[in-house]
Amino acid sequence: MAAPVRKNQDIELYITALGSEGQGIGRYEGYAIFVEGALPGERVAATVIKAGSSYGVGKLRRVITPAKERVAPPCPYFGRCGGCTLQHMSYEAQLAYKTRLVKDALVRIGGFSDPKVLPAIGMGDPWRYRNKAAFPAANTDDGIAFGLFAARSHRVIPIADCLIQKEAGALAMHAVRQWAQECCLPAYDETTGRGAIRHVVVRTSSFGKTMVMVVTTGPLPRLERLVDLLQKQLPGFCSLVHNVNRERTNVITGEKYRVVWGEEALSERLCGLDFSVAAASFLQVNTAQTEILYDKAIEFARLTEDDVVLDLYCGIGTLSLAAARKAKEVIGIEIVPEAIANARGNAAQNGIPNARFLCGAAEEVLPELVRQERLAPGAVILDPPRKGCEAPVLRAIAETGAPRIVYVSCNPATLARDCAILKEAGYELMQTQPVDMFPQTHHVETVVMMSREKNQV
């Protein structure tokens with residue numbers, strides 16, 4: 001059946017819901033149309049920019065009747081930059097939306113009839129929370145600039161500051177831009193594969209120390225000048241890392257990281273523990289909310305001093321070491337060798353003897369570990385990447401016979417899919433807790449507890 005609208009047609013819509021990426025959803029003669037920047041309860045004027053067989057996309061022209069949840073976005077780049085999608089929505093409404101997003105995914109994708117989803121835990125101050133930022137470079141009429149990508153593209157929007165990043169990000173961008181212009185270094189162009197500067201990555205600890213990584217296609221000229229500018233313009237500057245990426249790819253970094261000035265790793269404190277975070281290491285971007293997330297995960301695991309815990313996708317061991325204080329032993333599994341080295345160092349640094357870390361793919365290491373050690377874990381904790389778990393990993397987890405599984409996820413869709421697989425393996429979804437790690441965006445972190453035991457709520 002043909003769509004009841006055509007491209008470039010001007011229409012009016014009543015918005016009834018928000019999509020999974022924060023778009024308003026309305027219907028025109030029963031036909032769904034997604035409109036970025038529109039909120040439920042609003043009547044809007046839009047122009048159709050896509051009219052597919054099953055749904056359309058509209059560009060917001062005017063809000064005719066605004067929703068009570070609508071607020072003025074404080075960022076001058078909102079609507080152009082693709083980072084924040086919900087700045088026009090009150091924070092209370094953002095939290096309610098994210099709670100619904102998780103529940104809807106569990107129902108629609110996971111097949112759970114009435115999952116218990118607790119209200120999303122938010123922040124007192126939902127700004128300046130990100131401890132890591134990656135700013136792509138672009139060539140402009142004024143020379144090289146740094147910014148963020150526009151939505152669903154790799155077109156760079158030059159920015160002076162980002163309100164969800166630490167202030168160090170803007171200062172580092174300014175210093176590196178000045179250095180690059182002095183050296184006449186152009187930005188890398190993805191379309192041609194030419195240019196020198198690809199990204200500036202800025203990571204700031206809760207101690208106020210900042211590591212700056214410059215990603216280039218070749219050597220760093222006038223290194224002393226770059227260090228001098230960063231020292232003068234960036235309070236707390238402690239480390240400069242160089243990463244070379246010569247590949248024709250949109251992946252940010254290459255394989256080799258080299259500390260060219262300062263400290264080898266950034267010191268961070270999380271859940272009362274001290275961690276060394278290298279440039280290549282993964283760490284949650286919102287330190288304050290990470291502590292809440294980890295506390296909830298450990299609560300859901302219901303650990304005792306007799307429990308052996310498996311922590312899959314353990315990274316540098318942050319959650320593993322926090323859990324080790326309540327368990328007999330924690331075994332972390334991670335495929336990245338550098339992360340495992342960091343995890344072992346962090347265990348030693350914190351004087352935690354009952355945590356060990358194994359390097360390898362979880363679907364390979366886990367069955368062998370269970371077979372060799374006749375392991376009967378009291379709980380399995382996993383925090384996979386956004387794509388979720390491969391089926392062999394889920395099967396390996398179920399075959400351990402662990403009575404409790406705690407799953408941490410940044411993607412409600414893959415979380416729901418994987419929970420459905422675990423349900424088929426005999427686990428029941430007991431509790432679900434969204435945590436707002438990413439205010440002003442449509443992203444949400446979630447921790448669930450699945451159990452083979454009864455009366456676990």
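Exactly one residue among 46, 38 is out of contact with any Cys (no Cβ under 8 Å at 6 or more places or on another chain), farther than 27 Å from residue 410 by Cα and surrounded by 16 or more Cβ atoms within 10 Å (Cβ to Cβ), and that residue is 46. State which residue is surrounded by the fewest Cβ atoms within 10 Å (Cβ to Cβ) when the search covers only the range 353-396 and only residues that are under 30 Å from residue 438 (Cβ atoms) and of a type in the set (D, E, K, R). Per the stated criteria, the residue is 387.
Considering the range 1-51 alone, what residues qualify as being among the hydroxyl-bearing types (Ser, Thr, Tyr) and either assigned to a loop (DSSP other than H, G, I, E, B) or closer than 16 Å to residue 61 by Cβ (or both)? Passing the criteria: 14, 20, 28, 47. Filtered by the rule that a residue be in contact (Cβ under 8 Å) with a residue 40 or more places away in the chain, assigned to a loop (DSSP other than H, G, I, E, B) and within 22 Å of residue 417 (Cα to Cα), the range 357-396 gives 383, 384, 385. Looking at this structure, is residue 297 of a type in the set (A, V, I, L, M) and modelled with pLDDT under 95? So residue 297 fails the test. Taken over the range 395-410, the criterion of being among the polar types (S, T, N, Q) and closer than 25 Å to residue 101 by Cβ is satisfied by 409 alone. Flag set for residue 297, criterion: in the same structural domain as residue 408 (by TED's automatic domain parsing), in contact (Cβ under 8 Å) with a residue 60 or more places away in the chain and among the small types (Gly, Ala, Ser). The lone criterion from (1) buried (at least 24 other Cβ atoms within 10 Å of the Cβ); (2) of a type outside the set (A, V, I, L, M); (3) assigned to a strand (DSSP E or B) left unmet by residue 418 is number (3). Give me the residue from the range 397-412 that is buried (at least 24 other Cβ atoms within 10 Å of the Cβ) and assigned to a helix (DSSP H, G or I) and, out of that set, modelled with the lowest pLDDT. Of everything passing the filter in the range 397-412, 397 is modelled with the lowest pLDDT. Residue count for the range 300-340, restricted to those that are of a type in the set (Asp, Glu), closer than 21 Å to residue 279 by Cβ and touching a Gly at 6+ places or on another chain (Cβ under 9 Å): 1.
Strands (runs of 3 or more DSSP E) fully within the range 170-277 that include at least 2 residues being free of Cβ contacts under 8 Å to residues at least 24 places away in the same chain: 257-262. Scanning the range 366-381 for residues that are under 24 Å from the mean Cα position of the chain (by Cα), modelled with pLDDT of 95 or more and in the same structural domain as residue 340 (by TED's automatic domain parsing) turns up at least one hit.
For residue 425, are the conditions met, namely being in the same structural domain as residue 367 (by TED's automatic domain parsing), touching a residue at least 40 places away in the same chain (Cβ under 8 Å) and small (Gly, Ala, Ser)? So residue 425 fails the test. Checking each residue in the range 300-329 for being touching an Asp or Glu at 6+ places or on another chain (Cβ under 6 Å) and either outside the structural domain of residue 380 (by TED's automatic domain parsing) or part of a strand (DSSP E or B) (or both) picks out only 308. Scanning the range 244-268 for residues that are over 19 Å from residue 149 (Cβ atoms) and among the polar types (S, T, N, Q) yields a count of 1.
The values are calculated or read from the model by the stated rules, or taken from the named source; none is laboratory data. Just so we're clear, the structure is a prediction, and the values are computed from it rather than from any experiment. Here the Cβ is made from the backbone with ideal geometry for all residues, glycine too, and neighbour counts use every protein chain on show.
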